[in-house]
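Readers should treat all values here as calculations from the given coordinates under stated rules, not as data from a laboratory. None of these values were measured; they are calculated from a predicted model. Here the Cβ positions follow ideal geometry from the backbone for every residue, glycine too, while neighbour counts run over all protein chains shown.
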Amino acid sequence: MANTYCDSCMMPFAKDPGLRESERYCSLCFKSGKLCYEGDDLKAFQRVCHESMIQRGTNKFLAKFYTFMIRFAPRWKNHR
Ligand SMILES: [Zn+2]
């Protein structure tokens, strides 16, 4: 079954601003053949995503909500 959301950050692929390389991850999480954030620290990853969303002009409340949702992504299932 094809994913609709990024396994790492929960972004719907329909909203992906870039060109996706991976079936599982969005273009922001997975670039040039590897994950942009390779660590396993959920909080650190959330900070990176939040910052990137603010930089892309995402509404502050939405950015906070999306960041919160990341903990439910398959990638972080065992890291919370
Ligand atoms: Zn992603």
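Extent of region 13-76 along each principal axis, from alpha carbon coordinates, in Å, largest to smallest?
Cα spread of region 13-76 along its principal axes, largest to smallest: 31, 24, 17 Å.
Taking amide H atoms as placed 1.01 Å from N in the peptide plane, list the residues 5 or more away in sequence, or in a different chain, whose amide H sits under 5 Å from that of LYS31.
It is CYS36, by chain and number.
What is the magnitude of the charge dipole of the chain about its Cα centre, with +1 placed on the Cβ of each Lys and Arg, -1 on the Cβ of each Asp and Glu, and no other charges, expressed in debye to the nearest 20?
With only Lys, Arg, Asp and Glu charged at Cβ, the dipole is about 260 debye.
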